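To start, the structure under review is shown below, and the notes come after it.
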Amino acid sequence: MATRHDTAAAPPAKEGGAAPAGPPVESPETIRKRARLSRRWQRDVRWSPYAFVSPFFLLFLAFGMFPLVYTAWASLHTVELTAPTDMEWAGLRNYTRIFDDEFYWNAAKNTFTIGIISTVPQLMMALGIAHLLNYKLRASTFYRVVMLAPYATSIVAASLVFVLLFGRDYGMINWFLGMFGVDNIDWQNDKWYAQFAVSSIVIWRWTGYNALIYLAAMQAIPQDLYESAALDGASRWKQFLHVTLPSLRPTILFTVVVSTIGASQLFAEPLMFDANKGASGGPQHQFQTLGLYMYEQGWVNQHLGRASAIAWTMFLILIVVGIINYVISRRLRASS
């Protein structure tokens, strides 16, 4: 008699294939490897941004923060360039003697006058050029490149060209003025003529740069304002006075501050304009700036402590300029 054996029912097979297998079982080594990769990925996500920005901070510490701290420390000592590690404590003597230093105040006055002579015409010309470039002109891109070309030119090469132009005997400027009966001008030895010549180098170099800044700000002004002014019968000049200029107030303030900071640090232009290529700013110090005077004290007279004190006074001047900029910009924002 046949016997019947009970067997467990097998799961139904999928059509056209075998039954699916269960999830693969990972070995302990695979699990440990995956855990190590996960931890490495977490560390990478956490620390990679710091690694990407670290070169900037390393360079800033080496070439920005360290010179600043060392200069502040050296300004409180009597230290010479020939022995920079031999420091003798002087306290605030390097700062107090500045008040009685006529050469320092002469350099400060020269810096101020050259800054005024160069900044005011420069920004006014830049504003006018930007206003012209803001219209639809042929080859506008070419004109913008031309405006930026002086900024990209080597300041040393440009200064040497201006020295030739302002030469007393064979300079092109005196040749042109001589056509109108003007006698030769000694541009390098007369105080006001020398400061005007140095300022002309600054004007030539930075006018185009500021013009492009003004142009970018003008293109951000809504055209609706000009259309409304035109409907009210305003001329181009009135639109410029009552629409363009008020809209450019923050940008104008920015360029004034930046130009003031640049004027306070003026160095290469007066250095190269000097016939003897010295740091005295002419035989009577007639165009010696604070930057030149600091260089003369530190690298010509080799008084690093005194030069460091001059550098910190210039730094304090820049802080005052920054505070004034902050106060004025806050008032402009509040009024607008």
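Of the candidates Gly115, Gly181, Gly298, which one comes out as most mobile in a Gaussian network treatment of the chain with C-alpha springs shorter than 10 Å? Greatest mean-square fluctuation among the candidates belongs to Gly181. The magnitude of the dipole of the range 66-117, with charges of +1 and -1 set on the Cβ of Lys/Arg and Asp/Glu and taken from the Cα centre, is near 200 debye. Taking square-rooted eigenvalues a ≥ b ≥ c of the alpha carbon gyration tensor, is the range 51-129 rounded, prolate or oblate, where a/c under 1.5 means rounded and, failing that, a/b exceeding b/c means prolate? Since a/c reaches 1.5 but b/c is at least a/b, the shape of the range 51-129 is classed as oblate. Number of Lys-Lys pairs in the chain with C-alpha atoms under 30 Å apart and a separation of 8 or more places or on different chains: 4. With a ≥ b ≥ c the root eigenvalues of the C-alpha gyration tensor of the range 232-332, is it rounded (a/c under 1.5), prolate (a/b larger than b/c) or oblate? Because a/c hits 1.5 or more and a/b fails to exceed b/c, the range 232-332 counts as oblate. Taking 0.36 nm per residue of separation and subtracting the Cα-Cα distance, full extension of the segment from Gln223 to Phe99 would add 39.3 nm.
Residues with beta-carbon under 15 Å from that of Leu215, excluding Leu215: net charge, scoring Lys, Arg +1 and Asp, Glu -1? Display every interim value, and only then the final one.
Working: positive: Lys136, Arg144; negative: none.
Once all neighbours under 15 Å are counted, the net charge is +2.
Full extension of the chain between Phe60 and Phe112 gives 15.7 nm of extra length, using 0.36 nm per residue less the Cα-Cα distance.
Among Ala275, Ala157, Ala311, the largest mean-square fluctuation in a Gaussian network model of the chain (Cα springs under 10 Å) belongs to Ala157. What are the membrane-span-like helices in the chain by this rule: whole DSSP H runs, Cα extent along the axis at least 20 Å, mean Kyte-Doolittle hydropathy at least 1.0? The qualifying helices are 249-264, 304-335. Applying the criteria of a DSSP loop state and at most 11 other Cβ atoms within 10 Å to the trypsin sites (Lys or Arg not before Pro) of the range 204-309 yields Lys277. Between the C-alpha center of the range 282-296 and that of the range 66-120 there is a gap of 13 Å.
In a simple Cβ point-charge model (Lys, Arg +1; Asp, Glu -1; nothing else charged), the range 177-300 has a dipole of about 180 debye relative to its Cα centre. Entry comment: accessible area of the chain is 66 Å² per residue, from protein heavy atoms only and a probe of 1.4 Å. Helical content alone sets the calculated 222 nm signal of the chain at -20500 deg cm²/dmol, taking -39,500 (n - 2.57) per DSSP H segment of four or more residues and averaging over every residue.
Considering only Thr289, Thr153, Thr313, the Gaussian network model of the chain with Cα springs below 10 Å gives its largest mean-square fluctuation to Thr153. Extension gain, Val156-Ala234: 0.36 nm per intervening residue step, less the Cα-Cα distance, totals 23.5 nm. Calculated from the structure at hand, Kirkwood radius over Cα pairs in Å is found among [x] 24.1; [y] 26.0; [z] 22.3 as [y]. Based on the alpha-carbon gyration tensor of the range 195-258 and its eigenvalue square roots a ≥ b ≥ c, which shape applies: rounded if a/c is under 1.5, prolate if not and a/b is larger than b/c, or oblate? Note, shape of the range 195-258 comes out prolate. Under a model in which nothing but the beta-carbon of Lys, Arg (+1) and Asp, Glu (-1) is charged, the chain shows a dipole of about 1540 debye around its Cα centre. Here the accessible area is traced with a 1.4 Å probe on the protein chains. For the chain, carbon and sulfur cover 66 percent of it.
The values are calculated or read from the model by the stated rules, or taken from the named source; none is laboratory data. From a predicted model like this one, the values you see are computed outputs, not experimental measurements. Virtual Cβ from ideal backbone geometry, glycine too; neighbours counted across all protein chains shown. These area figures cover heavy atoms from the full protein model, side chains too; ligands, DNA and RNA do not enter into them. Shrake-Rupley method; radii C 1.70, N 1.55, O 1.52, S 1.80 Å.
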